[in-house]
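Taking it in order: structure first as structure tokens, then the write-up.
Read-outs: derived from the displayed coordinates by stated rules, not from any lab. Everything quoted here is computed from the prediction, not taken from an experiment. All Cβ positions, even for glycine, are placed from backbone atoms using ideal geometry, and neighbour counts span all protein chains on display.
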Amino acid sequence: MTIIRHQPEKQAPPDAFSKGRTPTFEESAKESLANSQLRRNLGKATQTIRRKRAVAVAEMPDWEELREAGRALKSRTLRHLDDYLVQLEESVTRAGGQVHWARDAEEANRIIGGIAKSHDAKEVVKVKSIATDETKLNEYLEGEGIAAYETDLAELIIQLAGETSSHILVPAIHKNRSEIRELFMRELGVEDLSDEPPDLANAARLYLRKKFLSAKVGISGANFAVAETGTVCVVESEGNGRMCTTLPPVLVTLMGIEKVIPAWQDYEVFMQLLPRSSTAERMNPYTSFWTGSSQGSGDGPEEFHLVLLDNGRTDVLADEIGRQSLNCIRCSACLNVCPVYERTGGHAYNSVYPGPIGAILTPQLVGIGQSGPDSLPYASSLCGACYEVCPVKINIPQVLIHLRGKIVRHKQDEGGLMGKLDPENVAMQAMGRIFSNRKLYEGAQKAAHIGQWPLAKNGTIHRLPGKLAGWTEARDLKPVPEQTFRDWWKTRGKGSPSNGSSGDGAS
Amino acid sequence: MRVALFITCFNDTLFPETGRATVELLERLGHEVAFPQEQTCCGQMHFNTGYQREAIPLVRRFVEVFGDYDAVVAPSGSCVGMVRELYPMAAELANDKKLLYEVEELGDKVFELSEFLVNKTGVTDVGAYYPHRVTYHPTCHSLRMLKVGDAPLELLRNVRGIDLVELPEAKECCGFGGTFAVKNADTSVAMLGDKLRHVLDTEAEICTAGDNSCLMHIGGGLKRQRAGVRTVHLAEILASTEER
């Protein structure tokens, strides 16, 4: 097996965090739902991990207490986020690291690019990091003449394929091994490769080893950072993270400001919650901790930079109901149990954060008022499976409903005449008035029965007009019967054997 | 017990037979049923679709209509879920402390039918007779919002003549989700497809649940496929006796 070429030149398609309009969930889902290979790959993967997670969690007698502890720790941290971040800065600085504050993606990329350039780095190696996907760091570095190499196997796969991640934890979940084999043969120039996982991993390893040894700069995200000690933590499964954070002389970590935790002891809770929720493991294979720089000891990178990223997070924090979204520890359990995600996959969300957590995080981070991200809170049947598994108890259905309210109010208040004349808005306003008045309501019941006659054939409605046609594309509908329940109730009293039921209203 | 029937606008208009069955069942068990005729809609569709300002008058109306009853019973898990779990959020949005207090007090008195029977009154055998092969779909809101647990199954197990078969992957959403079924019709139907497959695998003639909204979705799919399987609300099975 020989590897002859590769430069990461392919551009990933734009998403909610790029400039310009993205398609709505509804539009993108149509395409994903029709992809039989994707449906098979995703159905198999999510069902397997879902079952394994249930077993791993059932082993813990105090799981509910742990979830509550995780939630409480996160919400306390968020309440005092300003203090903890300043404390983190002090701790990291004391340990020889440098801390940078980035208001948005552009500022974060500029800081990181500047660090790489100051070391004349033409190549950087990366640990899987969604924060850097959020800021589009790879594209930025490419523009600056710096090649960013993804070293996580799945991240490498999607980088080679010129795609975006479709899952928080397993970015290439939408691909099966024969697709990966073909990709490696094509992009890495590997000859006679089987589709056995060890062979595929070995092909990636041969390719990446050289990069680990030659790169001057490593870039990582962070799962946690302890304010008390300044210790940053990355949790991973492949060991590539350990290589990136220890081999290159310069290490840069980009971290969302919500990732800080107060004390070392808090790991006790999160290290139990995270692996079981994400990979269904009692303990993950590699957990790397580092505190500042090597300071001449020869142990670890000589230079360490921590870039703290806001990029909309303080806006999320300002929203009393929405702020619980910042509890997220990126375990992806909500994706794996979501019946919507299982069928559409992550790309339909057009965001680096797909699935239920992405549906609440994305529109909050990028702001309400764009058709793509605004469609995400509606990409849910509100079944509540996500809330049930969330290790930090984010009430995702509640936040989804809350965001739907914000989106509608934004349309009504800022959308001008078009917003007001939107057919859904007009219908909802009319129904609101009807439901507020008994006489109007009873009249509407009669009108519905009478008005449906052109649609009902042999006791069934096969086709509805306009937006409602979505229903009858695959489902029949029962027509409105002649006698409503309340009509029946009025007729009963006389001669009815009932034991004194009352027909009175309470008001 | 004197109970107020919260029929829900959906059942009132589209499924009156479920309402009639609920009344018959409750009366057979010795309860006195009142039907406050000023009731309309709880506001769930408006609230969950984002039209929350529009839902607030409906929340107030519900409190006025049902506030004085000791127990309110509805043959719908999702409408009870709205009242019990989401009315406080609506009151907070309205920034109305009095309303918040009222809905919190009222929430404790509103029950989905099966939880009223099993958890509130301790009845698991309602004396029903239903000689059919039936499978039960636990709707998401009764399962995860109201946490009615096995109450509906306990009631069904005690029905005479019934051939009750377990639904595979029962806890997975059927894909209805209110306006989701229309707004994201493709995804909704993809979810429905798997639910129908599981229902057909049971070889049941009837699929039952505690919510006619989910059943309208499942039943609509079955009917379109000419599957020969019907959907029937739990209340109608429990109301059936040898006499009728």
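Points worth noting:
- Chain lengthening between A:D319 and A:Q370 when straightened (0.36 nm per residue, less Cα-Cα): 16.5 nm
- Isolated Cys in the protein assembly as shown, by beta carbon distance under 4.7 Å: A:C233, A:C244, A:C328, A:C331, A:C338, A:C390, B:C42, B:C79, B:C174, B:C207, B:C214
- For A:E228, neighbours were defined as the other residues whose beta-carbon sits under 13 Å from its Cβ, and their charges (Lys and Arg +1, Asp and Glu -1) total -3.
- Stretching the chain fully between A:T246 and A:K210 yields a gain of 11.5 nm (0.36 nm per residue, less the alpha carbon separation).
- Based on alpha-carbon atoms, the Kirkwood radius and the radius of gyration of the protein assembly as shown give Rg/Rh equal to 1.01.
- Evaluated over chain B, the count of Lys pairs having alpha-carbon atoms less than 19 Å apart is 7 (only pairs 8 or more residues apart or interchain).
- Taking the helices alone, chain B has a mean residue ellipticity at 222 nm of -13000 deg cm²/dmol, built from -39,500 (n - 2.57) per DSSP H run of at least 4 residues and averaged over all its residues.
- Label-point gap, in nm, between A:T460 and B:A170 - each point 7 angstrom along Cα→Cβ: 2.8
- Near the amide H of A:H305, within less than 5 Å, lie the amide hydrogens of A:Q98, A:L251, A:V252, A:T253, all on another chain or at least 5 residues away, with H placed in the peptide plane.
- Proximal charge balance of A:G296 [Cβ under 13 Å; K/R count +1, D/E count -1]: -3
- Annotation: lysines with alpha-carbon distance below 21 angstrom to A:K126 (same-chain offsets under eight excluded): A:K10, A:K117, A:K136, A:K210, A:K211, A:K216, A:K259.
- Acute angle (nearest 10 degrees) that the helix A:355-366 long axis makes with the longest principal axis of chain A, alpha-carbon atoms: 80
- Between helix A:438-451 and chain A: long-axis angle, C-alpha atoms, 0 to 90°, nearest 10: 90
- 10 Å Cβ neighbours from other chains, averaged over peptide B:216-229: 3
- Here's the picture: a label point sits 7 Å out from the Cα of A:R433 along the beta-carbon direction, and within the stretch B:44-74 the residues with their amide nitrogen under 15 Å of it are B:54.
- Residues of the stretch A:230-245 with amide N under 15 Å of the 7 Å Cα→Cβ point at A:H119: A:242-245
- Look at the alpha carbon pairs under 8 Å that are at least 6 residues apart: their mean separation over the length of chain A gives a relative contact order of 20 percent.
- Spin-label zone in the stretch A:206-235 - amide nitrogen under 18 Å from a point set 7 Å from the Cα of A:H80 along the C-beta vector: A:225-231
- Each of A:D195, A:D374 has some number of other Cβ atoms within 10 Å of its Cβ, and from fewest to most they run A:D195, A:D374.
- With contacts taken as Cα pairs under 8 Å at a separation of at least 6 residues, chain B carries a relative contact order of 20 percent.
- Length gained on full extension, A:A447 to A:T48: 138.7 nm, using 0.36 nm per residue less the C-alpha separation.
- The DSSP beta bridges internal to chain A are antiparallel in roughly 30% of cases.
- By the count of neighbouring beta-carbon atoms within 10 Å, fewest first, A:E26, A:E89 end up ordered A:E26, A:E89.
- Partner chain coverage, peptide B:43-50 - average Cβ within 10 angstrom: 6
- Each of B:M82, A:M243 was scored by other Cβ atoms within 10 Å of its Cβ. Arranged with the fewest first, they read A:M243, B:M82.
- Angle between chain A longest axis and helix A:36-58 axis [Cα atoms, degrees, rounded to 10]: 80
- Per-residue mean of foreign Cβ neighbours for B:174-183 is 6 (Cβ atoms of other chains, 10 Å radius).
- Mean residue ellipticity at 222 nm, helices only, chain A: -14500 deg cm²/dmol; runs of at least 4 DSSP H residues each add -39,500 (n - 2.57), and the sum is divided by the number of residues.
- Using the Cβ-Cβ distance between B:R197 and B:V123 with R0 = 25 Å, the FRET efficiency computed as 1/(1 + (r/R0)^6) comes to roughly 0.15.
- Rounded to 0.05, the FRET efficiency of the A:D487 and A:R40 pair, given R0 = 45 Å and the Cβ-Cβ distance, is 0.35.
- Neighbourhood charge, 13 Å Cβ-Cβ cut-off, centred on A:V352 and excluding it, Lys, Arg +1 and Asp, Glu -1: -3
- Loop chymotrypsin sites (Phe, Trp or Tyr not before Pro), the stretch A:62-101, which have at most 13 other Cβ atoms in a 10 Å radius of their Cβ (DSSP): none
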